[in-house]
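Okay, structure first, notes after.
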Amino acid sequence: MALSSLGQKKIGDIPLQSLVLILAVVVVIPWIMPNNYWIRIAGNAGLWIMLSLGLNVVAGFAGLLDLGYVAFYAIGGYTYALLCSGHWNIHLPFWLVVPICALAASACGWGLGFTSLRVSGDYLAIVTLGFAEIVRLLLLNLDRPINITGGPNGLPDLDFAHIFGFTFRTVTQYYYLVMFFALLVILASYRLKRSRLGRGWEALREDELAADAMGVNTTYMKLLAFGIGASIAGGAGAVFASWQGGVFPNNFGFSQLVTVYCMLILGGVGNIWGVILAAIILSILPEALREYGAFRMIGYGLLLVVLMALRPQGILGEISLRPKRKKKEVEEPETLKAAEELFYGDGSHDFVKPLKKGKLNKDRVLLELKDLTMIFGGLHAVDRLSLKVYEGEILSIIGPNGAGKTTVFNLITGIYPPTSGHIIFDGKEITGLKPHKVVEKGVARTFQTLRLFTNMTVLENAMVAQHCRTKSGLFSILFRLPGFLKEEERIERVAKENLGLFGARLTGFRYKQKAINLSYANRRRLEIARALATDSRLILLDEPSAGMNPKETEEITRFIRNLRDKYGYTFIIIEHKLNVVRTISDRVIALDYGKKIAEGSYDEVADNEYVVQAYLGRKKGRV
Amino acid sequence: MKKVLLLGLSVCLIIAFSTINGYAADVSKGLSIGAAGPFTGPAAAPGMEIFNSIKIAVDEKNAAGGIKGVKVKLVMGDDAGDAAQGVNVAEKFCADKTMYGVIGPPMSNVAEATLRMYAQCNLTCITTAASRPDLTEKGYHHFFRVNARDDAHGPAVGHFIAEDLKAKSVYVLNTKDTYSQGYADQVVATLKKLGVKKIWRDTIVASAKDYSSVLTRVKAKNPDVLVVGAKTAPDHAVMVRQMRELGIKAIYFGSEGAKDKKDFIQASEGAAEGAYLNHFAPDIYKIPEAAHYVKVYESKYGSLSGFGPPAYDATNILLNAMEKAAADGDITRKEVMKYMAQTKNYRGILGFPITFDKKGDLLGGATYIFKVVGGDFKLVKVAKGM
Amino acid sequence: MRILELIDVDVFYGKIQALEDIQVHIEEKELVCLLGGNASGKSTTLKTILGVVKPARGRVEFMGDKISGLPTGKIVQRGVSIVPENRRIFPRLTVLENLELGAYLRNDPRGISQDMERVFNLFPRIKERLKQYGATLSGGEQQMLAMGRALMSRPKLLLMDEPSMGLAPVLVENSFEIIQRVNREGVTIFVVEQNANMALSIADRGYVLQLGKIVLHDKAENLLNNEMMKKAYLATG
Amino acid sequence: MGKIRDWFSYLSHFVYAEKLESMDQILQQIPQQLINGVTVGGVYALIAIGYTMVYGILFMLNFAHGEVYMIGGFTGWWVLHLLTNSSGGLLLNGFIVIILMILFAMALTGALGMGIERFAYRPLRNAPRMNLLLSALGVTIVLRNLVLNLQGAKIRFFHTSALIPKSIQVFHIGGTVISFMRLLVIGVSIGLMAILTWFVKETKMGKAMRATAQDTEAATFMGIDVNRIILLTFLIGSALGGAAGALVGLLFTQVDYYVGYVAGLKGFTAAVLGGIGSIPGAMVGGFILGIVESLATTLISSTYKDVVSFIILILVLLIRPWGILGEKAPEKV
């Protein structure tokens, strides 16, 4: 047990050396810049970093196409203008106003998210764009009959930032103020990304359905992303307004939105350092070209088109700041080695899953289906299916293609609400619950067509699974409270324990490997590990051995049995390879046309005349 | 480790906050002037007319030998009409040690946002279009304008409509920008003061090209006069055209921007006949001094609207001030500012003498009211003493 | 005359081998079936013939010409037509339009209308529903429409991907009877099917695929009585 | 207390611009506003069709479409300019000039649309959606600024009065006025839409287009060349956008390099309102949007007419997330 070493590490925080380096650069910049103009450009870069990292939360982490982002920037700016100027003669202190602006924008973000939840994808884009247009028009027109926004005149003569008796006036002073906030946002982004929330968003972006099925409350996470992105934009708006000393309607237009998106895409969506670099480049580049008028815009546009075609992942998309030694997938020797092991986990790993003996317990029904029916457009995919699964049992479902097996899984895990019937898990009804709620109750699954979070690492994939077992909120993540650190430690431990079950296949250097780079068989294994890492008791495996060669198939078969024997899981398995079914199952049911046509031991079912017919087909004239 | 860091940071901050300012230099180190304005983006059309006119003035000066033999360099500072970019431009111009004056910014909100910064670095600004009254009310000494303020023409126009046109009912439309809104406010206030009872107001979207739905509303009110505050001549052209098409009989009264023979009278293909408009200067085509400029401009850049001539004059005024400041071979920004303020009865191409008052505003300007007659502008009234 | 031949075909999806050393040949006017359990590589075989996936080794020949490597459109143009898995009727096109699209590559109006009549003769039900949207048809009707659509190109070879899938037992039988009828009218047919008994009852010859390899090849009546069949289906891995 | 009264007048401002209008005055405006609405609605519909067709087949928002419209407007102006002699007279019969303007605008923008698809979008056929969107934004920026560089920021005027005889320029029906150009725009846009509907419904290519949109793979099984169909889609969609540009030029007599943004936004809104992916939806959406805007001017205020149309869009999407005539996409697992 090497838990103590984990405690010393800073889990997912910016390494101290990097932090010192960044601070040093930030402090030194005003000293090496030739004049105030360049200091201002540097300060502007800081603002753009804030803005693009805020958008990175919404569009980068969570993958939501939010075209109303500048509206929040505007709301922040105008809130500052109203609360810190002679306009209404309110002069609140700076340290109070910035959070108010962030909150105001955030509230609007939640509101927008809440109303647009029903629409997704491109429709979300248009609703948010519509929202931004409405905000823009209101800012332009709410100057009469009561003057709120100053209309086209905007609100000039705002207060300087004023903190505890110190007033920020010069460019250099403001540069430091902006950089302070930019660093805060960088730190917050970094911490968010490496937390359960960050992983949840990334999972959501990679595969919404799989994220839901692994216990991520996708609705809530989307709202949260909207809210956080908006609050960062709001804060940036406040700082911006204070520096410019005024706000004007065209400070917050479509062109600003395009610029922020360019930074995001250029930097590589979701990649914090890439986005920062892109923000810096794109805030300096136009300045260098300022004397060339329209040509700079043409260059800008061409750059976008060419870059999208040549480097769709952004300039820093696949490159990490620190060069990594490349490790290739060396499947062959390991396959041989692992095949020798009877059981993957040889105990040589840091984290060993604690044993918990399990066996078939016929007295306890873990899952019960009652008259479950699912109708798709008149077709009975599942037809009045009733079924009991006992604790510690391995139940296999067989049947030809289109017999409704996967639909049964989709019904149990809440992906479809059934047309009629009941699903009872551990004595409680779970019919109609959302997938993430079903996982919370203790039912996890794998998918027939592998739905891993392909651009996340092996370890992160397994860590996502702990999402519904952890509670750390925004506050404890941002301030790294002990509760969060403890939880994070637990998440990592659980993930590693479950990956450790597969031995070297999924541990060691593979922790950091992206799921997409794994071999097919390893991807199957990772899906199982991920399902196990949800701490569920009932695991639904959809063709766990598909795409595996005979040796690997034998391995996985024993592995599943071992899991039951040593850890007490209950399994329902859909499987086509009947020798797998034979060796593994306590009980087998056969489906055809959504109906249960046989139930019993493997031999009973395999010899059943209806089953043979279902597979081989009825002979002509014998309906 | 952390303590060292904090210490270092605070030392840096203390030093950083004590910055020094002010330049004085030999003329031979270079002379440049800046052009700040929207040279891309939605307001690029008037912006480029301003820039081209500045360029003509600078080129003429350089062709004549420059200032003390030094050629004046013109630097473009495109702000795309966005105050946030305007602030960058200002910082850039301030930091340019060879720069002694700026023409612009022509948009009020950009001017507003950069006022403080140009003042801090003593850089003279002459705007040629920013008309918000309060720009010159804040006590800065570096800011001048050759155009009139919003509150200059509104009252005169109001009086003309109420007294000369004897209107009983007036519909006032304006686009949502600083200039047009201020103009419309002033007109409405004056009309109210003069006892016109029936006044309606509405706003329109600039360069929307279709005003027929709002004009349908105007038609239902059947006003005597329709006053339109809009910055550019094409907007006026569309408006007057669609108004006549809908059969609205009201007299059309357009704001300053309408004074453009090609883009208003010709573009409206006859619909503008009989329309009134106000302008801060007499007709440029009728001023002998302007003939050369008009010829050069139209041969190089095509047709001219109202934004070019003031920019040409402003540039020449600035260059004159710089020449005076550089007379001793040495030039500072403060000197330029001083000589600018002393500008008196400068006779350029605008047809009236330019003198700045203490605030930097144009002194003794007048409102020239024109009527479109036979496809040309005819001066009908000169209202002085605003 | 040999219509189709697959020679030494290997197909990979990434690292996974889906087909290994496949040898299949189909003669003119034959009705041949390819049988196999789930995931045995049946659909991949059809995709290979249609050029949707390219073989890593070996070749596909159609009427003596190599067609592997050609784009799908070109292969269809040469006279291969398919009734895809799940039928893939265009849901918001009318039945008539679906049929017309079947003849997309043809330019002989008279021939097309003749074939249309032929389809109506085969499937009188379809004729009653010409104006309806494809999506409103029942499963059996969709199967008929898919076949009719495929026949509209007057194919030299008709491929059928799991015609029994998702159909009620009665309809399955009906569907196979139609396949037989179409074949008797002179269309060469290659059926890929899980329902072995049904397919063999109408086919001339059959291939049995297991894990990407052909394990059996014989005359249909011989296969029907072959004990290996049950094993090939039920005991895989 | 005074404050409270201010707030009340503020609220009433949202409903009536200044003062309550009499019902009579409002009713009197309605026929005229319907004509205004139908005219711009037809234009919106033409633009929306381009969005919707591309979306139906590629599932992408072609942001560059607004700029295609703008270039259509410039092409129309250019044709008119070339056919006008120095004294303002026409070299050809006015009606022929109008036809040539529309045809040239359609031809050029159609080719432009195909070029955009081929070079900016096809390389990204399998890339994430956001990349495609960004590429489209890039094309937008390039086109807009290219026009700015090539011909300057100057507004171009259409001198249309010589095109048609004075006697038929304006018609009066009671208090309602309708100009020839409006009739032309309504006629041409409805005509083009009718041709499009016929093309998509009756011709082989049209059927292939619909088939490709519904099931691309099955379409290839029919022997349909999907790449060609996509090019055709861009050709038709862009040509209609270009026609809209030329028509608006004739109607409102001006074009400049910046008109694409607002037109694109409106067309896009109309497409989504009607149900993106559905051609009849785009038509319905366009007309509804145009009429809503016109009526909002009379009933509420010209200041807030755009706010009203966006609120209506959002409301429609909240009630029917797939738009008025759109099809609910089935969820796939």
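Does residue C:186 meet the test of being within 12 Å of chain A (Cβ to nearest Cβ), in a loop (DSSP other than H, G, I, E, B) and open to solvent by 20 Å² or more (accessible area, probe 1.4 Å)? It is false that residue C:186 is within 12 Å of chain A (Cβ to nearest Cβ), in a loop (DSSP other than H, G, I, E, B) and open to solvent by 20 Å² or more (accessible area, probe 1.4 Å). When B:176, B:168 are checked against the criterion of being surrounded by fewer than 24 Cβ atoms within 10 Å (Cβ to Cβ), in the same structural domain as residue B:251 (by TED's automatic domain parsing), farther than 21 Å from residue B:75 by Cα and at pLDDT below 90, a single residue qualifies: B:176. With respect to the conditions (1) at negative phi; (2) surrounded by fewer than 18 Cβ atoms within 10 Å (Cβ to Cβ), residue C:79 falls short on a single one, namely (1). Name the single residue, out of those in region B:64-114 being in a loop (DSSP other than H, G, I, E, B) and under 16 Å from residue B:42 (Cα atoms), that is farthest from the other protein chains (Cβ to nearest Cβ). By that ranking, first place goes to B:106. Filtered by the rule that a residue be assigned to a helix (DSSP H, G or I) and of a type in the set (Val, Ile, Thr), region B:132-146 gives a lone residue, B:136. Residue A:381 meets all of the listed conditions (1) small (Gly, Ala, Ser); (2) under 18 Å from residue A:589 (Cα atoms); (3) open to solvent by less than 50 Å² (accessible area, probe 1.4 Å); (4) not in a strand (DSSP E or B) but one, namely (4). The number of residues in region A:211-251 being within 12 Å of the chain's Cα centre (by Cα), within 14 Å of another protein chain (Cβ to nearest Cβ) and surrounded by fewer than 24 Cβ atoms within 10 Å (Cβ to Cβ) comes to 1.
One line per residue, one yes/no per condition, for (1) surrounded by fewer than 20 Cβ atoms within 10 Å (Cβ to Cβ); (2) outside any loop (DSSP other than H, G, I, E, B); (3) under 17 Å from the mean Cα position of the chain (by Cα):
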site: B:285; (1), (2), (3): yes, yes, no
site: B:313; (1), (2), (3): no, yes, yes
site: B:317; (1), (2), (3): no, yes, yes
site: B:320; (1), (2), (3): yes, yes, no
site: B:327; (1), (2), (3): yes, no, no
site: B:335; (1), (2), (3): no, yes, no
site: B:344; (1), (2), (3): yes, no, no
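Of the helices (runs of 4 or more DSSP H) lying entirely inside region A:562-623, not one is found with 2 or more residues being in contact with a Leu (Cβ under 6 Å, 6 or more places away or on another chain) and either farther than 22 Å from residue C:197 by Cβ or within 13 Å of chain C (Cβ to nearest Cβ) (or both). Screening the candidates A:55, A:82, A:64 for the property of being outside any helix (DSSP H, G or I) and either more than 21 Å from residue A:198 (Cα to Cα) or within 23 Å of the chain's Cα centre (by Cα) (or both) yields one hit, A:64. Pairing each residue of region B:288-312 that is of a type in the set (A, V, I, L, M) with any residue that is modelled with pLDDT under 90 and assigned to a helix (DSSP H, G or I), provided the two are 6+ apart or on different chains, yields C-beta distances under 6 Å for B:290/B:284. Filtering B:280, B:264 for residues that are at pLDDT below 95, among the aromatic types (Phe, Trp, Tyr), open to solvent by 10 Å² or more (accessible area, probe 1.4 Å) and on the phi < 0 side of the Ramachandran plot leaves a single hit, B:280.
Conditions tested, residue by residue: (1) surrounded by fewer than 17 Cβ atoms within 10 Å (Cβ to Cβ); (2) in a helix (DSSP H, G or I).
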site: A:408; (1), (2): no, yes
site: A:418; (1), (2): no, no
site: A:422; (1), (2): yes, no
site: A:440; (1), (2): no, yes
site: A:451; (1), (2): no, no
site: A:454; (1), (2): yes, no
site: A:459; (1), (2): no, yes
site: A:495; (1), (2): no, yes
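Taking the condition of being part of a helix (DSSP H, G or I), without any contact (Cβ under 8 Å) to a residue 40 or more places away in the chain and surrounded by fewer than 18 Cβ atoms within 10 Å (Cβ to Cβ), how many residues in region D:181-215 meet it? Total satisfying the criteria: 11.
Only a single item in (1) assigned to a loop (DSSP other than H, G, I, E, B); (2) in contact with a helix residue (DSSP H, G or I) (Cβ under 6 Å, 6 or more places away or on another chain); (3) open to solvent by less than 10 Å² (accessible area, probe 1.4 Å); (4) in contact (Cβ under 8 Å) with a residue 40 or more places away in the chain is not met by residue A:535, and it is number (3).
Of the residues in region C:171-182, not one is closer than 11 Å to residue C:36 by Cα, within 12 Å of chain A (Cβ to nearest Cβ) and either surrounded by fewer than 20 Cβ atoms within 10 Å (Cβ to Cβ) or within 18 Å of the chain's Cα centre (by Cα) (or both). The residues listed here are C:200, C:145, C:158; of these, the one that is more than 14 Å from chain A (Cβ to nearest Cβ), closer than 29 Å to residue C:10 by Cβ and either open to solvent by less than 40 Å² (accessible area, probe 1.4 Å) or assigned to a strand (DSSP E or B) (or both) is C:158. For region A:94-115, check the following and say yes or no: at least one residue is on the phi > 0 side of the Ramachandran plot and of a type outside the set (S, T, N, Q). Scanning region A:94-115 turns up no residue that is on the phi > 0 side of the Ramachandran plot and of a type outside the set (S, T, N, Q). For region A:272-281, the criterion of being within 11 Å of another protein chain (Cβ to nearest Cβ) and either among the β-branched types (Val, Ile, Thr) or within 16 Å of residue D:138 (Cα to Cα) (or both) is met by no residue. Residue A:133 meets the conditions (1) within 28 Å of residue D:319 (Cα to Cα); (2) touching a His at 6+ places or on another chain (Cβ under 8 Å); (3) charged (D, E, K, R) in every case but one. The failed one is (2).
The single condition among (1) in contact with a helix residue (DSSP H, G or I) (Cβ under 6 Å, 6 or more places away or on another chain); (2) facing another protein chain (nearest Cβ under 9 Å) that residue B:269 does not meet is (1).
The values are calculated or read from the model by the stated rules, or taken from the named source; none is laboratory data. Just so it is clear, the structure is predicted and the values come from calculations on it, not from any experiment. Cβ sites come from the backbone with ideal geometry, for glycine too, and all protein chains shown count toward neighbours. These accessible areas exclude ligands, DNA and RNA; they are computed on the full protein's heavy atoms, side chains included. Shrake-Rupley method; radii C 1.70, N 1.55, O 1.52, S 1.80 Å.
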